[in-house]
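The values are calculated or read from the model by the stated rules, or taken from the named source; none is laboratory data. Keep in mind that this is a model prediction, so the values were computed, not measured. So basically every Cβ, Gly included, is an ideal-geometry build from the backbone, and we count neighbours across all protein chains shown. With ligands, DNA and RNA removed, areas are computed over all heavy atoms of the protein, side chains included. Shrake-Rupley method; radii C 1.70, N 1.55, O 1.52, S 1.80 Å.
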Amino acid sequence: MKTVNHWIGGKAVDGTSGNWGPVTDPATGAVTTQVALASAAEVDAAVASAKAAYATWGTSSLSARTTVLFRYRALLDAHRDEIAALITAEHGKVHSDALGEVARGLEIVELACGITTQLKGELSTQVSSRVDVSSIRQSIGVVAGITPFNFPAMVPMWMFPLAVACGNTFVLKPSEKDPSAANLLAELATEAGLPDGVLNVLHGDKVAVEGLLSHPDVAAVSFVGSTPIARHIHATATAHGKRVQALGGAKNHMLVLPDADLDAAADAAVSAAYGSAGERCMAISAVVAVSSVADELVAKIRERAEKITIGPGNDPSSEMGPLITKAHRDKVASYVTGAAAQGAEVVLNGTGFTVEGHEDGHWIGLSLLDRVSTDSDAYRDEIFGPVLCVLRVDTYEEGVALMNASPFGNGTAIFTRDGGAARRFQLEVEAGMVGVNVPIPVPVGYHSFGGWKDSLFGDHHIYGNDGVHFYTRGKVVTTRWPDPADAPAGVDLGFPRNH
C-alpha cells in the first residue's frame, strides 16, 4: 500500500505518531493509500522548520524569490497531467476537471511571479521641510494553510505561492482524504529551488489543525472549508492573536428572469450544479426561477441532466465522477430521499445510481428537486453534491429578497438580457462574487475570491490584492535628513510643525 508522509525541511519525513488515515479510490471504494497523521511534536517540527527558513527567506531579494517562482511555474506546467492524475485517483473528479483545477491554481503562481509590482510602496516628499514619508509592506513570518478535499491542488496554490512570494514561509495542512497532490506540489517547489523549510506539508487531522491554530510561532492562518469549521478556525486563531482568513460554505443561487436565454441558462445550471459532482463551494445549488419560465426551464435542465455520463474519473468518456467518500455519498442521498416529505417535487432521483464493474464506488446520480421551500433541509444546508434545487418566485424583487435572506453570501448569478436588471442585481444582491450570465463567477487571479456573511470569517478575501495584503503588514517611515549646508539646528522640544 502506498504511504504518504510529511514534507518538512525540503524532504519527505516519515510520520512518527503511529496514527494513519485511509485514502480511498472513490471509483472503487478500495483503500489505496495510508497517510501519516501528525502528532503535536510533528506540528512543532514543521513550524520550527518554517521559522528557521524565515530568517533568510524573509530578507531575500524580490528577484531571488521570483526567479524560483518562474521556474516553479514551468515545472507545474510540465507536470500538470501527473498532478491531475493524483487528484482523480484520490478525489474522483474526471481528468479534464482535474486539469482545470491545476490551471486555475497556476493563475495564482503567475500572479506571484509578478510580486515585484504588488509590493511597491508609496512615497510622499516634502511633507514638511526636508521630511519625507514612505509606506512599505513587509512579510509577517510563518503562515499556515488548511485546505479542503474538493480542490487538493488549486486551493493550496491559492495560498502558498503568494505567501512565499511576499517573503513568508508556509506550513500546509491539506485534507487527509486526498493528500498526494500537496506533496507533489512541495517536491516541485524544492526542485525549482525553493529553500528548504520555506514550504512544508504537514498531514493530519484535528490534532494538526488545533496545533497550528494555537502555535505561538504561526503568525497567520488561511482556511477554506465548511462554515462551522471556518467559524471555529477564526475564533480559535484570533483568540491566539493570529491574522485569519477563513472561507466557509455556500448556497449559491442563480436567478433566471423571463427574458433570459433559457437554453443558455439550462446549460449553465447543469454545468454549475453537477460539475465536479457538485463538490465545490462555487456550485450553483439553487435556481430561482421567475414562475413564467419555471416549467420550461426545469424541463430543459432535466433534458440535459439525463444525458450526463457518470463514471470513473480516469475514463475519458466520463463527465462526472463519484463522491469523495461513502459517508458523504450517503449524506447527500439523504437530502434527496427526504425531499418529497418536505414538499419538493423530485424530478430526478440519482440516489440509486451505480456503475457496472465499480459497484463499491461512491456513486450517486444527478438529482433535480423542483418547488423546493426555503424551510426544507435541501435548501437550508450546503449539500455539496449533485443536487439542484429549483425555487419559484413571481418577480425579480421576490427573488432577490429570497436570496438575500440566506445566511450564506458566497457567489451568485443572474441570467437576463436586460442590462438594467443586471445592474440592479449586482448592486442589490448580498454576495461577494456576482455573475451576469456567468454561472460560476470565480474571479481571475489578479482580483480576489471571497464571500460575505457566513461564507467568510475575517477581513480579507483570498488571492489578488487582498491576498497580498493578508500576507504582508504595512509600515510607515518618516525621514528627515539635514541639509549639509546647514549648521546644527540645536534642540527643539516643541511639537513637530507640518506647515
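At-a-glance table
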item	result
Point-charge dipole on Cβ atoms (K/R +1, D/E -1) for segment 188-271, about Cα centre, debye to 20	560 debye
Mean accessible surface per residue for segment 1-64, computed with a 1.4 Å probe while every protein chain stays in place, in Å²	46 Å²
Shape box of segment 253-303 [Cα atoms, principal axes, largest first, Å]	30, 20, 14
Nearest-0.05 FRET efficiency for V434 and S60, computed from C-beta distance (R0 56 Å)	0.90
Translational diffusion of the chain, µm² s⁻¹ [Kirkwood Rh, Cα pairs; Stokes-Einstein; 37 °C; 0.692 mPa s]	136 µm²/s
Gain in span if fully extended, S334 to A235, counting 0.36 nm per residue against the direct Cα distance	32.6 nm
Accessible area of the chain belonging to carbon and sulfur atoms, whole % at 1.4 Å probe	53 percent
For segment 335-369 and segment 87-107, distance of Cα centres in Å	25 Å
Per residue accessible area in Å² of segment 126-223, where ligands, DNA and RNA are left out and the probe is 1.4 Å	24 Å²
Net lengthening on full extension, A341/R473 (0.36 nm per residue, minus Cα-Cα)	42.2 nm
Exposure rank, largest accessible area first [H240, H362; 1.4 Å]	H240, H362
Residue among G361, S292, P322 farthest towards the positive dipole end of segment 269-391, charges placed on Cβ	S292
Pair R380, T309: separation of 7 Å Cα→Cβ label points (nm)	4.1 nm
Rounded FRET efficiency, nearest 0.05, which uses the C-beta distance separating A12 from D81 and R0 of 25 Å	0.70
Largest to smallest accessible area among Y72, Y446 [probe 1.4 Å]	Y446, Y72
Area of L456 that stays accessible when all protein chains are in place (1.4 Å probe, Å², to 10)	20 Å²
Theoretical gain in end-to-end length, A30 to R424 [0.36 nm per residue, Cα-Cα removed]	136.8 nm
Label-to-label distance, nm, for residues given as F495 and W481 (7 Å Cα→Cβ offset)	3.0 nm
Signed unit charges on C-beta, dipole axis of the chain, positive-most listed residue L262, G350, G445	G445
Point-to-point label distance, T3-D394, nm (Cα→Cβ direction, 7 Å offset)	6.7 nm
Sum of side-chain charges, P316 neighbourhood, beta-carbon under 14 Å (Lys, Arg +1; Asp, Glu -1)	-3
Cα-centre dipole for the chain with unit charges at Cβ (Lys and Arg positive, Asp and Glu negative), debye to 20	1440 debye
Nearest-20 debye value, segment 257-416 charge dipole, Cβ charges on Lys, Arg, Asp, Glu	320 debye
Estimated vicinal HN-Hα couplings, Hz - segment 104-109 in sequence order (Karplus 6.51, -1.76, 1.60; Gly, Pro = x)	5, x, 4, 4, 6, 4
